[in-house]
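J.: Got a structure here, written out as structure tokens. Questions coming.
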Amino acid sequence: MGNLLKVLTCTDLEQGPNFFLDFENAQPTESEKEIYNQVNVVLKDAEGILEDLQSYRGAGHEIREAIQHPADEKLQEKAWGAVVPLVGKLKKFYEFSQRLEAALRGLLGALTSTPYSPTQHLEREQALAKQFAEILHFTLRFDELKMTNPAIQNDFSYYRRTLSRMRINNVPAEGENEVNNELANRMSLFYAEATPMLKTLSDATTKFVSENKNLPIENTTDCLSTMASVCRVMLETPEYRSRFTNEETVSFCLRVMVGVIILYDHVHPVGAFAKTSKIDMKGCIKVLKDQPPNSVEGLLNALRYTITLVSQLFAHILLSNLVGEPGEEKAYQD
């Protein structure tokens, strides 16, 4: 359909307008093409990053053998030879996070600039909104894969320990030129996060707001809350869901909805779960609850563990009430 279609106006929650956003077919207009093309250069590599992460098996066997036989030089060399190319992959993932951060900030600049409101931007610049959604979709998929692969941190920890030992013993370290100590420190902080890509984007959004003091914070938070509303309405309304031609669009919308909630929570002064939030959190969580449990557990965990400390109590009460532990709704409302 190629357009954002207004389907209903604000409710008693005063969230502002909701839209049907054609995530499948939106194409850039002439005015969008400059930013669109810049972001597209980054997004075209996203699927390859996910494929590399999904196929990441680690060097657990070689590392265990080397640790169990510290005097066996051949086993030490074998473990090092197995880890170095894997660390090269980890470097590639980390560097992609920096490219993704720059792309997100470019999109935020376009979708929040004056004189148009965020809602008007989303109506006029569907293709940029779609790219914003694609970044969030990638981010949630990346973090879901990372959280289920402990080999990543194990491999990197072994690499750093071995590199340090080699320096102490003045042994030339093949691979150090690719990931030196300074870069290794930054990568270590990145992979220490349970959801490193979400943390990168949350920090980028916060930094965008702080660096653009002439831009009202509401421009950014309204952009995020409107996107959350768009996804919720499309998911909970059969008429709109029937417009999806690809069955994967449902999981796409779910990830995007959760992603913008988390970004909103990090940027908004009182968070996504406060009564004054422009995001209908009950509605969003009910949409998640209505999906097959095994398909959304990672998204519910992302809401539980990547929101700000201020929101965690409200989130725990609301999630417990709607997802598994009844009886606490009144505490949330109060």
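The values are calculated or read from the model by the stated rules, or taken from the named source; none is laboratory data. Everything quoted here is computed from the prediction, not taken from an experiment. Don't worry about glycine lacking a Cβ; one is built from the backbone with ideal geometry, like all the others, and counts go over all protein chains shown. These accessible areas exclude ligands, DNA and RNA; they are computed on the full protein's heavy atoms, side chains included. Shrake-Rupley method; radii C 1.70, N 1.55, O 1.52, S 1.80 Å.
J.: Set the Förster radius R0 to 41 Å, insert the Cβ-Cβ distance between ARG186 and LYS275 as r into 1/(1 + (r/R0)^6), and round the FRET efficiency to 0.05.
T.: Details: r = 39 Å, r/R0 = 0.94.
Once the sixth-power term is evaluated, E becomes 0.60.
J.: Output the peptides 150-161, 202-213 sorted from most to least packed, where packing is the average of other Cβ atoms within 10 Å over each peptide's residues. If you can, show how the numbers build up before the last one.
T.: On the way: 150-161: 18.0, 202-213: 15.7.
Per-residue Cβ counts within 10 Å, averaged per peptide and sorted highest first, yield 150-161, 202-213.
J.: Something else: LYS92: which lysines have alpha carbons under 30 Å from its alpha carbon, excluding same-chain residues fewer than 8 sequence positions away?
T.: Cross-link targets: LYS33, LYS44, LYS74, LYS78, LYS130, LYS146, LYS199, LYS207.
J.: Pop the C-beta distance of TYR305 and THR245 into the FRET formula with R0 = 35 Å and round what comes out to the nearest 0.05. Mind showing how you got there, number by number?
T.: On the way: r = 34 Å, r/R0 = 0.97.
Computed FRET efficiency for TYR305 and THR245 comes out at 0.55.
J.: What is the extension gain from ASP72 to ASN169, computed as 0.36 nm multiplied by their sequence separation minus the C-alpha to C-alpha distance, in nm to one decimal? Spell out each step's value before the answer.
T.: Numbers: separation 97, 0.36 × 97 = 34.92 nm, distance 1.65 nm.
Taking 0.36 nm per residue and subtracting the Cα distance, the gain is 33.3 nm.
J.: For THR226, THR119, what's the largest-to-smallest order of accessible area, 1.4 Å probe?
T.: Values: THR226 5, THR119 30 Å².
Putting THR226, THR119 in descending order of accessible area: THR119, THR226.
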